[in-house]
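Visitor: I have a structure I would like to understand better, so I am pasting it below and will then ask my questions one at a time.
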Amino acid sequence: MEKLYYRKRYLDSLETTIKEIVLSNGKVGLRFEEDIVFPGGGGQAADIASIVDNSNKIFEILSVEEDEVNGNLHYVNEASDFNVGDRVNINIDWKHREDNMHQHSGQHVLSGCFYKLFGRNTTGLHIGKLISQLDIEGLFDDEMVSKIELYANEIIQQSIEIENYVSEDDNIVTRRKLPETDNGIRILKIGDLDINACCGIHVYNTSDLKLIKIVRYYKNKNGTRFEYLVGKRAVDFVLKRENVFGKILNLYSCNEDTIINALMNERLKRDELVLEKKYLENKLLPTISNELMDSGESTFGEITLITKVFSNDQKWLIEDLGRYITENNRAIVFIANEKENNTEILLQCSKAISDEYHIINMGQLWKESSHIVRAKGGGSRFLAQGICEKAEDILVFFANIKSSIKNEK
Ligand SMILES: [Zn+2]
């Protein structure tokens with residue numbers, strides 16, 4: 001049987017003859033005169049394939065058992081009335097095969113580039129369904145990675161033939177040490193970029209790969225792991241990014257040359273605003289906090305109960321105020337912030353007070369009284385917040401919570 005998949009790498013359909021039928025565990029194993037179904041190997045996934053019999057019935061190939069001597073066995077599930085000598089059609093899921101060839105050939109191009117530019121060898125490969133990973137010796141920086149990516153794509157543009165053949169030459173020099181074997185070794189050669197042992201199926205020419213994109217890289221053990229895409233995967237990724245990038249440029253009224261500066265300025269402005277907000281908070285929070293503490297109501301354990309309804313104020317101010325007062329005083333705050341469409345509510349005390357008195361539990365108090373204002377939300381023992389629908393009853397709500405604290409005591 002000839003493994004046509006090595007000689008005719010782009011053959012996705014073949015009419016052939018059944019040479020032998022083997023029955024095993026309720027499955028039917030078929031051997032063909034010629035074979036185009038790649039069984040997987042070298043890190044590359046097996047083909048997805050099916051067989052069409054002479055009455056146009058389709059049988060999925062469930063698994064392939066490799067057999068170097070007699071030819072691979074292709075298992076189909078259904079009891080079928082195949083006979084030795086039948087002519088059948090084998091069909092390969094071409095999208096799946098082509099995608100896997102792209103990722104695998106792309107890996108050899110990348111591995112060759114890493115070796116040629118930096119003398120670094122490949123230590124691992126995983127061809128994934130969405131993204132592939134390539135492990136390389138040593139560490140890299142952005143500049144080195146950019147050089148690799150440019151070089152790999154230059155190799156694509158140079159349209160270099162990718163040769164795949166069995167070599168009996170014992171003196172052949174490859175990128176990595178060859179395994180010891182008496183049989184010939186399948187070699188993959190990409191011009192003078194790379195020569196290495198490989199049993200995968202590859203494209204004929206580097207130009208078939210279209211594009212190689214390194215998506216990201218990071219330190220992995222003592223080396224570096226690269227995530228990469230090749231072919232349609234790479235093109236789709238770049239087009240999607242370009243689309244998003246175009247929107248960002250529009251948003252900032254910038255072009256490729258000015259966007260980085262604009263974003264740096266934006267970041268500086270944001271840092272300044274954060275400082276301004278901090279400054280304002282430091283001035284404002286103690287003043288409001290003191291006013292509210294003065295107007296608060298004393299209760300057991302030297303705790304002050306504070307009730308305050310703000311109108312159309314900033315949410316961050318309300319939250320910062322709740323935190324500031326409870327961090328700096330023995331106080332429980334009930335704050336509302338009335339807005340046009342809804343009213344924000346915040347119930348807060350310090351963790352220390354809620355540890356001291358188990359009846360002081362903001363989440364629990366919220367649950368018990370929230371029906372009064374039809375509030376949505378909730379929280380923990382020391383912080384509960386949310387919004388309410390019936391803002392006109394907010395003071396009743398607060399009074400109810402206050403009295404339940406006092407009564408429990
Ligand atoms: Zn390979």
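Visitor: Which ones in the stretch 183-211 are away from the ligand (no atom under 15 Å from the Cβ) and not small (Gly, Ala, Ser)?
Guide: Scanning the stretch 183-211 gives 183, 192, 204, 205, 208, 210, 211.
Visitor: Give me the residue from the stretch 147-176 that is of a type outside the set (A, V, I, L, M) and part of a strand (DSSP E or B) and, out of that set, modelled with the lowest pLDDT.
Guide: Residue satisfying both the conditions and the ranking: 167.
Visitor: Report whether or not residue 95 is more than 16 Å from the ligand (Cβ to nearest atom), without any contact (Cβ under 8 Å) to a residue 40 or more places away in the chain and closer than 30 Å to residue 215 by Cβ.
Guide: Yes; evaluated as a whole, the condition is true for this residue.
Visitor: Could you check residue 47 against (1) surrounded by fewer than 18 Cβ atoms within 10 Å (Cβ to Cβ); (2) closer than 21 Å to residue 94 by Cα and say which number it fails?
Guide: Condition not satisfied by residue 47: (1).
Visitor: Moving on to the next point. Taking residue 374 as the residue in question, decide whether it is assigned by TED's automatic domain parsing to the domain that holds residue 307, at positive phi and in contact with an Asp or Glu (Cβ under 7 Å, 6 or more places away or on another chain).
Guide: Yes, satisfied.
Visitor: Restricting attention to the stretch 90-112, which residues are crowded, with 24+ Cβ neighbours inside 10 Å, touching a Leu at 6+ places or on another chain (Cβ under 9 Å) and over 19 Å from residue 227 (Cα atoms)?
Guide: Of everything in the stretch 90-112, just one residue is crowded, with 24+ Cβ neighbours inside 10 Å, touching a Leu at 6+ places or on another chain (Cβ under 9 Å) and over 19 Å from residue 227 (Cα atoms), namely 90.
Visitor: Going by the conditions given, is residue 312 within 40 Å of the chain's Cα centre (by Cα), of a type outside the set (Asp, Glu) and surrounded by fewer than 20 Cβ atoms within 10 Å (Cβ to Cβ)?
Guide: So residue 312 does not fit the description; no.
Visitor: I'd like to check something: does the stretch 133-147 contain any residue that is touching an Asp or Glu at 6+ places or on another chain (Cβ under 9 Å), within 16 Å of the ligand (Cβ to nearest atom) and assigned by TED's automatic domain parsing to the domain that holds residue 196?
Guide: Yes, some residue in the stretch 133-147 is touching an Asp or Glu at 6+ places or on another chain (Cβ under 9 Å), within 16 Å of the ligand (Cβ to nearest atom) and assigned by TED's automatic domain parsing to the domain that holds residue 196.
Visitor: Right, another one. When you check residue 180 against the structure, is it within 29 Å of the chain's Cα centre (by Cα) and either away from the ligand (no atom under 16 Å from the Cβ) or within 19 Å of residue 114 (Cα to Cα) (or both), yes or no?
Guide: no
Visitor: Please go through the stretch 81-140 and pick out each residue that is aromatic (Phe, Trp, Tyr), more than 30 Å from residue 29 (Cβ to Cβ) and touching a Phe, Trp or Tyr at 6+ places or on another chain (Cβ under 9 Å).
Guide: 114, 118, 140 - these are the residues of the stretch 81-140 that are aromatic (Phe, Trp, Tyr), more than 30 Å from residue 29 (Cβ to Cβ) and touching a Phe, Trp or Tyr at 6+ places or on another chain (Cβ under 9 Å).
Visitor: So, residue 287, is that one β-branched (Val, Ile, Thr) and either out of contact with any strand residue (DSSP E or B) (no Cβ under 6 Å at 6 or more places or on another chain) or assigned to a helix (DSSP H, G or I) (or both) or not?
Guide: In short, yes.
Visitor: Do we have any residue at all in the stretch 370-378 that's under 22 Å from residue 282 (Cα atoms), in contact (Cβ under 8 Å) with a residue 12 or more places away in the chain and not β-branched (Val, Ile, Thr)?
Guide: no
Visitor: Another question about this same structure. Name the residues in the stretch 293-309 that are under 24 Å from residue 391 (Cα atoms) and loosely packed, with under 10 Cβ neighbours inside 10 Å, would you?
Guide: Those that are under 24 Å from residue 391 (Cα atoms) and loosely packed, with under 10 Cβ neighbours inside 10 Å: none in the stretch 293-309.
Visitor: Which one is farthest from the chain's Cα centre (by Cα) among residues in the stretch 334-359 that are part of a helix (DSSP H, G or I) and more than 18 Å from residue 404 (Cα to Cα)?
Guide: 352
Visitor: Would you be able to tell me the number of residues in the stretch 108-132 that are away from the ligand (no atom under 16 Å from the Cβ) and of a type in the set (Gly, Ala, Ser)?
Guide: 1
Visitor: May I pose another question? Of the residues 105, 159, which single one is within 14 Å of the ligand (Cβ to nearest atom) and among the polar types (S, T, N, Q)?
Guide: Going through 105, 159 in turn, just one is within 14 Å of the ligand (Cβ to nearest atom) and among the polar types (S, T, N, Q): 105.
The values are calculated or read from the model by the stated rules, or taken from the named source; none is laboratory data. All figures in this text were calculated on a predicted structure; none of them were measured in a lab. Heads up, the Cβs are rebuilt from the backbone with ideal geometry, glycines too, and the neighbour counts pull from every protein chain shown.
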